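**Student:** Structure incoming, see below.
Rule-based calculations on the coordinates, nothing more; no lab input. None of the values given here were measured: they were computed from a predicted structure. In this analysis, Cβ positions are derived from the backbone assuming ideal geometry, glycine residues included, and neighbour counts consider all displayed protein chains.
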Amino acid sequence: FKLTKEIYGELPAIISVFLYSFSPTILAHSGLSTEDITLTCFVFITIYTFWRYTNFPKTINAIFLGIALGLALNSKHSALILIPGLIILCWFYRKNINFKYQHLIYFLIGLIIPFLLIYQIFHIKEYFLSLKETTDYINRSQMSFLMGKYSIRGFREYFLIAFLIKTPVAVLIFFLLRLITQRVSKTDFLLIFPILLFFIPASFTPMQIGHRHILPIYPFLFVFISSGIANFLHPLLKDRKVLPVIIASLLLLHFAYSSIKIHPHYLAYFNEFIGGPENGYKYLVDSNIDWGQDLKGLRKYIQKNAVSDVILSYYGSGVPDKAGFEFQDMYSFGLWGRKDHINPPHPKKEILAVSVTNIQGLYLGKIGHDVFYWLKDKKPIDNIGHSIFIYDVTEEVASHERLLHIYFWTGQYDKAIREAGRILILDPTDSFAHLILSFIYMNTNRLAKALNEYREAVRLNSKLSFPYDELITHRASQNAYGNAFNNMKHLCLEDKLTKYAEIADYWATVIAGSK
């Protein structure tokens with residue numbers, strides 16, 4: 001409010017606070033215990049104190065500027081971009097600054113104060129150690145997802161698309177109109193520059209895992225467009241022209257409504273350009289929509305809907321004991337501790353709950369990004385905050401077959417046996433369940449059981465003609481099936497089961513040829 005009022009006046013100041021207060025992005029991160037909103041706060045304060053210093057170059061303002069920068073640097077390492085940024089701003093506003101060398105000393109004193117308070121003198125090395133760890137982490141790269149594509153080098157258009165689909169349409173329209181209808185002044189540059197300062201470098205870094213990395217641009221964006229919105233409202237006050245006011249008012253109402261509508265799931269906000277939050281996971285995942293924030297919501301859903309058993313693939317951090325319910329794990333990324341619970345064979349109501357980040361397989365590269373491809377076109381019965389999809393698999397054989405497949409080739413045999421048992425309860429003639437059981441028993445040296453299950457699989461499906469091209473979508477799964485059929489061939493030959501050996505040999509050859 002204060003910066004906007006000093007630059008543009010009181011009405012724009014009120015508008016900028018309104019935009020900030022109803023921004024889904026700001027509301028989302030204000031409720032999370034992460035550094036991003038803290039960084040956003042101190043970056044804005046740093047630019048504000050710079051503005052104060054350029055207009056009132058006093059000792060106290062130099063100290064405040066140093067303190068603000070020190071706080072920003074200690075909030076998150078990405079604030080380091082402010083150092084060259086402030087140098088550029090000093091050069092740009094050099095004619096406005098009545099610079100005195102003693103002010104530089106006071107600025108440095110102010111800069112040191114936060115470091116002394118946080119690290120004291122003897123622990124300052126911890127800051128640089130954490131800076132090195134952050135640099136190493138970024139250099140190792142991390143998988144990014146954008147509109148169905150994956151990359152460890154990032155996408156140049158990642159943050160542009162994130163900005164366009166996670167910013168309310170009204171804000172985008174106001175921003176465009178502001179650029180078109182009003183000349184960007186020297187004062188406006190103070191607001192445009194921080195937007196570019198965070199936006200452009202972010203687009204060239206390989207670390208592209210969240211729209212939150214450009215969170216600091218939003219306060220500056222709101223201040224910048226507030227003057228344009230005020231100009232739409234001024235005609236009513238001066239010339240009684242109603243149309244601009246109606247347009248601006250409708251856009252502001254739409255902006256507020258879009259925020260109220262998504263409450264309290266602000267992190268999952270996506271605008272109407274892509275059809276809203278329902279389609280968000282098709283474009284972006286991870287902290288753009290799914291940061292593990294809805295586990296409590298899932299617990300409430302389970303209690304409310306009398307769910308007896310859960311198969312969970314969760315993206316988020318924590319300990320399984322804290323989930324508040326028993327679950328059979330299916331690659332819950334970020335949960336540590338024991339995850340060995342196995343659901344009973346006769347569930348009253350069993351659901352499969354999958355975080356949308358896992359549906360896209362962003363961090364499941366070791367078992368294949370498309371491990372849950374079969375869920376992408378399957379409509380969930382419900383969702384928790386748009387970040388966890390719910391599927392009723394109580395009586396659904398096809399889903400249990402997919403789960404059986406995943407558990408088998410990833411070596412989770414106890415859970416695979418449970419899935420096979422559940423399938424055979426639902427459909428005793430399911431040959432695929434018998435086939436996988438034969439492989440599991442063979443791999444665990446229960447050879448008599450393996451042969452019995454294999455013979456039953458062939459009896460039910462003489463050619464074992466399963467959709468292997470759909471199931472085997474990863475090199476590791478090809479190896480698992482290829483080795484299993486090859487070993488089964490030798491086991492059958494040892495028992496003089498030539499016909500069965502030929503079938504196993506055929507599929508071992510087919511699968512080997514698809515590698």
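**Student:** Quick one: compute the contact order of the chain, relative version, from alpha carbon pairs under 8 angstrom and 6+ residues apart, as a percent.
**Tutor:** 10
**Student:** For region 436-515 and region 143-194, what is the centre-to-centre distance using only Cα atoms, to the nearest Å?
**Tutor:** If we compute the Cα centre of each part, the gap is 53 Å.
**Student:** Work out the length of the dipole vector of region 130-224 about its Cα centre, built from +1 on the beta-carbon of each Lys and Arg and -1 on the beta-carbon of each Asp and Glu, and round it to the nearest 20 debye.
**Tutor:** 120
**Student:** Next up: With the dipole of the chain worked out from charges on the C-beta (+1 for Lys and Arg, -1 for Asp and Glu) around the Cα centre, which of 277, 225, 146 lies farthest toward the positive end?
**Tutor:** So the residue we want is 225.
**Student:** Please list log₁₀ I(q)/I(0) at q = 0.08, 0.09, 0.11 Å⁻¹ for region 333-486, using the Debye equation with identical point scatterers on the alpha-carbon positions.
**Tutor:** -0.23, -0.29, -0.44
**Student:** Then there is this: Report the full-extension gain for the segment residue 90 to residue 336: residue separation times 0.36 nm, less the Cα-Cα distance, to one decimal in nm.
**Tutor:** Computed gain between residue 90 and residue 336 is 83.7 nm.
**Student:** Further question on the same structure: Which residues in region 289-318 place their backbone N less than 15 Å from a point set 7 Å from the Cα of residue 425 along the Cα-to-Cβ direction?
**Tutor:** 308-311, by backbone N distance to the label point.
**Student:** So how compact is region 2-268: Cα radius of gyration and Dmax in angstrom?
**Tutor:** So, for region 2-268, Rg and Dmax equal 19.8, 65 Å respectively.
**Student:** Explain nothing, just compute: Karplus ³J(HN,Hα) = 6.51 cos²θ - 1.76 cosθ + 1.60, θ = phi - 60°, for every residue of region 344-354 in order, whole Hz, x for Gly and Pro.
**Tutor:** Once rounded to whole Hz, the list reads x, x, 10, x, 6, 8, 10, 10, 9, 10, 10.
**Student:** In nanometres, what is the gap between the two model label sites at residue 164 and residue 196, each 7 Å from Cα along Cα-to-Cβ?
**Tutor:** Distance between the two pseudo-spin positions: 2.0 nm.
**Student:** Further, regarding this structure: Expressed in nm to one decimal, what extension gain is obtained for the pair residue 55 and residue 187 from 0.36 nm per residue of sequence separation less their Cα-Cα distance?
**Tutor:** 46.4 nm
**Student:** Put +1 on the Cβ of every Lys and Arg and -1 on every Asp and Glu Cβ in region 313-454; which of 390, 318, 451 then has its Cα farthest towards the positive end of the dipole?
**Tutor:** In region 313-454, that residue is 318.
**Student:** Under 18 Å from a point placed 7 Å out from the Cα of residue 118 along the Cα-to-Cβ direction: which residues of region 68-96 have their backbone N that close?
**Tutor:** Answer for region 68-96: 68-86.
**Student:** So, in nm, how far is label residue 137 from label residue 21 when the simple model puts each one 7 Å beyond its Cα toward the Cβ?
**Tutor:** 3.5
**Student:** Sticking with this structure for a sec: Can you compute the modelled spin-label distance between residue 100 and residue 447, with each label point 7 Å from Cα toward Cβ, in nm?
**Tutor:** Those two pseudo-labels are separated by 9.3 nm.
**Student:** Another question about this same structure. Which of the peptides 146-156, 218-228, 341-351, 72-82 is most tightly packed, and how do the rest follow, going by the mean number of other Cβ atoms within 10 Å of each residue? Before the final figure, lay out each step's value.
**Tutor:** On the way: 146-156: 13.8, 218-228: 24.9, 341-351: 16.0, 72-82: 20.4.
With the highest mean Cβ count within 10 Å placed first, the list reads 218-228, 72-82, 341-351, 146-156.
**Student:** Evaluate the charge dipole of the chain about its Cα centre and quote only its size in Debye, nearest 20, assuming +1 on the Cβ of each Lys and Arg and -1 on the Cβ of each Asp and Glu.
**Tutor:** 1760
**Student:** Name all residues of region 251-288 having a backbone nitrogen under 13 Å from the label point set 7 Å from the Cα of residue 173 along its Cα→Cβ direction, giving them as ranges.
**Tutor:** 251-258, 272-273
**Student:** Sticking with this structure for a sec: How big is D, in µm² s⁻¹, for region 14-151 by Stokes-Einstein at 20 °C and 1.002 mPa s if Rh is the Kirkwood radius over C-alpha pairs? All intermediate terms of the calculation are to be shown ahead of the outcome.
**Tutor:** Values: Rh = 17.1 Å.
In µm²/s, the coefficient rounds to 125.
**Student:** Right, something else. What is the spread of the Cα atoms of region 396-515 along each of their three principal axes, largest first, in whole Å?
**Tutor:** Cα extents, longest axis first: 36, 30, 25 Å.
**Student:** Mind checking the full-extension length gain between residue 109 and residue 470? Use 0.36 nm per residue of separation minus the Cα-Cα distance, one decimal, nm.
**Tutor:** 123.6 nm
**Student:** Explain nothing, just the number: dipole magnitude of region 364-434 about its Cα centre with +1 on each Lys and Arg Cβ and -1 on each Asp and Glu Cβ, in debye rounded to the nearest 20.
**Tutor:** The calculated dipole for region 364-434 is roughly 280 debye.
**Student:** Go through [x] 21.9, 65; [y] 29.2, 98; [z] 36.4, 108 and flag the label whose value is the computed Rg and Dmax of the Cα atoms in Å for this structure.
**Tutor:** The value matching this structure is [y].
**Student:** Further, regarding this structure: Using R₀ = 25 Å, calculate the FRET efficiency as 1/(1 + (r/R₀)^6) where r is the Cβ-Cβ separation of residue 348 and residue 376; round to 0.05.
**Tutor:** 0.35
**Student:** Please state the shape class of region 120-191: rounded when a/c is under 1.5, otherwise prolate if a/b exceeds b/c and oblate if not, all from the C-alpha gyration tensor.
**Tutor:** Numbers: a/c = 3.60, a/b = 1.46, b/c = 2.47.
Oblate, since a/c reaches 1.5 and b/c is not below a/b.
**Student:** Pick out, in residue order, every one of the trypsin sites (Lys or Arg not before Pro) in region 85-139 that is DSSP loop and has at most 14 other C-beta atoms within 10 Å; say none if there are none.
**Tutor:** Sites meeting the loop and neighbour criteria: 94, 95, 100.
**Student:** From the C-alpha coordinates alone, can you work out the Kirkwood hydrodynamic radius of region 290-394, in Å?
**Tutor:** Averaging 1/r across every pair of different Cα atoms and inverting gives 13.7 Å.
**Student:** Which trypsin sites (Lys or Arg not before Pro) in region 425-472 pass both tests, a DSSP loop state and at most 15 other beta-carbon atoms within 10 Å?
**Tutor:** Qualifying residues, ordered by number: 446, 463.
**Student:** Would you compute, from DSSP H runs of 4+ residues alone, the mean residue ellipticity of the chain at 222 nm, taking -39500 (n - 2.57) per run and dividing by the full residue count, rounded to the nearest 500? If you can, show how the numbers build up before the last one.
**Tutor:** Details: 23 runs with 303 residues, N = 515.
Estimated from H runs of four or more residues: -18500 deg cm²/dmol.
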